[in-house]
1. Picking from VAL91, VAL63, VAL46, which residue would you name as being farther than 28 Å from ILE175 by Cα, surrounded by 15 or more Cβ atoms within 10 Å (Cβ to Cβ) and of a type in the set (A, V, I, L, M)?
2. Given the criterion of a type outside the set (D, E, K, R), farther than 23 Å from GLY28 by Cα and at pLDDT below 95, identify the matching residue among SER158, SER166.
3. Pull out all pairs, ordered by first then second residue, where Cβ-Cβ is under 6 Å, the residues are six or more apart or on different chains, the first lies in the stretch 175-200 and is among the polar types (S, T, N, Q), and the second is part of a helix (DSSP H, G or I).
4. Please indicate, with yes or no, whether at least one residue in the stretch 81-88 is among the polar types (S, T, N, Q) and surrounded by 14 or more Cβ atoms within 10 Å (Cβ to Cβ).
5. Could you tell me which residue of the stretch 129-156 is farthest from LEU99 (Cα to Cα), considering only residues that are small (Gly, Ala, Ser) and assigned to a helix (DSSP H, G or I)?
6. Among the numbered conditions (1) without any contact (Cβ under 8 Å) to a residue 60 or more places away in the chain; (2) buried (at least 21 other Cβ atoms within 10 Å of the Cβ); (3) under 20 Å from LEU30 (Cβ atoms); (4) not acidic (Asp, Glu), tell me where PRO128 comes up short.
Amino acid sequence: MRPAGVVVVSQVSFTGHSVCDALAVTKGRLEAFTDAVIAIVMTIMVLDLRPPAGHGFGDLKHVLPRLLVYALSFTFLAIYWNNHHHLMHVVERIDGRVLWANMGLLFALSLTPAATAWWGGHTGNTAPVVVYGLVLLLSAIAYFLLTRALLALHPPGSRLATAIGSDVKGRLSAIAYVVGIVVAFFEPWVAIAIYVGVAVVWLVPDRRITRVIERGDRAES
């Protein structure tokens, strides 16, 4: 017999893939909403591309800068979607802080089309390159804060903590963005090379989370 007004809640284990149904639904909605927003951001970016005014191959040179900037921005968005997708595979619980941290990431990524459009029309100018770097830096910081909010909910030995580790790659990327932003005031093309370099580094598959997922699958089989 329990005192009046006391509600007994059954305990649920968060080890492995055992997740409370309510939390599973919430995590699923978080992933679905994130996927939708990133898809919309990508769509907005491509709508800014315009076909050449002429009908010859030579007319392509006028749209090439915008196309290259679009390709770089699309690559960054794809990298964030891919990392977020893999991250959610090892997340066992979320809370309000995680939801808001994820919204912060989406806000930062939603600025990409505007920064892309400005830079694409003024490829070698300082201000657009600086602003583009600031958007990249803001996105990197937002993703870092998301991982910190998630780690606060998981024990040190969890699959999430093991997968993220010290996140040296993420920290070095943020430092590279800062360097690129500063360099852009003097040599915009060098800053652009730094931005491209960071994208290339992240295109190399990061096996940290994948290895953790594979170990978990083998343990369950």
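The values are calculated or read from the model by the stated rules, or taken from the named source; none is laboratory data. Predicted model only: the values in this text are computed from it and were never measured. Ideal geometry is used to build each Cβ from the backbone, glycine not excepted, and the neighbour counts take in all protein chains shown.
1. Testing whether each residue is farther than 28 Å from ILE175 by Cα, surrounded by 15 or more Cβ atoms within 10 Å (Cβ to Cβ) and of a type in the set (A, V, I, L, M) leaves just VAL63.
2. So the residue among SER158, SER166 that is of a type outside the set (D, E, K, R), farther than 23 Å from GLY28 by Cα and at pLDDT below 95 is SER166.
3. none
4. Looking for residues that are among the polar types (S, T, N, Q) and surrounded by 14 or more Cβ atoms within 10 Å (Cβ to Cβ), one finds at least one in the stretch 81-88, hence yes.
5. Here the residue is GLY133.
6. (3)
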